[in-house]
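One structure is given here, and the rest of the page talks about it.
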Amino acid sequence: MAGLLSLTLTFIVFFSSCPKCVRIQCLCLLCQESDLSRLSKAREAELKYVREQNELKIAKDARLAEIESEKFKNMISAIGTDTIRAIAVAGPEMQVCR
């Protein structure tokens, strides 16, 4: 049960200091989980969350790069290599002056 405070039941057994009556007394102490342990678990959960967010971002960025690469490849194939070559070698006479 995540998120619930874990409780530990501890029994302390001690003998009475009275030599005439030897009896065993039990104390039942209810101990809460220490703050250090709780903070440690919170940090671990936060670290796990940040790692998962980073992994998701990396996967998203990789997919976006793949999509952009495919888009560029499709645009180049649609224009054609001859058209790109003609644009590259066109001289100043092809430029529009105002």
Query raised in the report: Could you give the length gained on full extension between LYS41 and ALA78, defined as 0.36 nm per residue of separation minus the Cα-Cα distance, in nm?
Result: 7.8 nm
Requested in this report: Give me the distance in nm between label points sitting 7 Å out from Cα along the Cα-to-Cβ direction at ILE67 and LYS48, one decimal.
Outcome: 3.0
Query raised in the report: Label LYS57 and ALA86 with points 7 Å out from Cα along Cα→Cβ: what is the distance between them in nm?
Result: 4.6
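Only the coordinates and a few stated rules stand behind these numbers; no lab work does. Given the structure is predicted, the values throughout are model-derived calculations rather than measurements. Positions of Cβ are generated from backbone atoms using ideal geometry, with glycine treated the same way; all protein chains shown enter the neighbour counts.
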